[in-house]
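In what follows, a single structure is set out as structure tokens and then discussed.
FYI, it's all coordinate maths here, none of it is from the lab. A quick note: this is a predicted structure, and the numbers were derived from the prediction, not measured. Neighbour counts run over all protein chains shown; Cβ positions are idealised from the backbone, glycine included.
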Amino acid sequence: MGFDKENPEDDRLLWDKFLAGDDEVYAYFYKRYVDALFSYGMKFTSDRELVKDCIQDVFVKLYGNRSRLGEVRHIRVYLFISLKNALFSVFKKDKTMYHIDTVEPVFYVDYTAEDIMIAGEAEEEERQLLARIFESLTPRQKEVIYYRYVEGMEIDSICRLMDINYQSALNLISRSIQKVRNTFACQSSDGCREAKRINLIPKQGDRYAK
């Protein structure tokens, strides 16, 4: 699955133009990020219209508050956080919108072989196996894997989205990867060989706790 890599320099230039009153940049933000925002919002609720309404609210407030906004390093992360906050504000008023009956909304995502990097062509049997493996992850583990390996986010951005510190993010990623590998190995007739096909490899610069 492809994604737009975070580019702080490009984002800073675009954000500065937006703050200076460039409406074309504002329109560009919407066109570039609306689909990603919709996909992200649907991870927290199955209510499509609610997600659409919250996205509209995010962009209305973005435009209306432009003169009061400060520096933004990653536009996509800023918009994700804004949408998450908008959704959670609604959820607090109506708990029937949660995916499951918990204290707070839960990150929900169905992973397939296309959602993560896999070495080589995945057979249908492997696709089904991967789906079962990711079902074993907790909502928080699914969320951090989604941010890191599907959206390609940096650790700092993940910390902001999940409201955790840097080391906690590293630990959560590490435990999630290890759980995937262990589960895959346990469910395969040749675990050692098959586990190597999972390419959830720690990115350069990451230091995971043991």
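Neighbour counting of Cβ atoms within 10 Å sorts the residues TYR40, TYR78, fewest neighbours leading, into TYR78, TYR40.
How do SER176, SER46, SER67, SER39 line up, fewest other C-beta atoms within 10 Å first?
Working: SER176 22, SER46 10, SER67 7, SER39 13.
With the sparsest Cβ surroundings first, the list reads SER67, SER46, SER39, SER176.
Simple rule: put +1 on each Lys or Arg Cβ and -1 on each Asp or Glu Cβ in the range 8-97, find the dipole, and look at TRP15, ALA86, PHE59; the Cα lying farthest toward the positive end is ALA86.
Only Lys, Arg, Asp and Glu count, each charged at its Cβ (+1, +1, -1, -1), so figure out the dipole size of the range 8-97 about its Cα centre, rounded to 20 debye.
On the way: 16 positive and 14 negative charges, 83 e Å.
Charge dipole of the range 8-97: 400 debye, to the nearest 20.
Could you line up GLU151, GLU71 from fewest to most neighbouring Cβ atoms inside 10 Å?
With the fewest neighbours first, GLU151, GLU71 line up as GLU71, GLU151.
Model label sites at ARG32 and LYS92, defined 7 Å from Cα along the beta-carbon direction, differ in position by 3.1 nm. In the range 8-97 the Cα-Cα distances spread across 5 Å bins starting at 0 as 3, 14, 25, 25, 16, 10, 6, 2, 0 percent of all pairs.
The simple spin-label model puts a point 7 Å past each Cα toward its Cβ; for TYR166 and LEU13 those points are separated by 2.8 nm.
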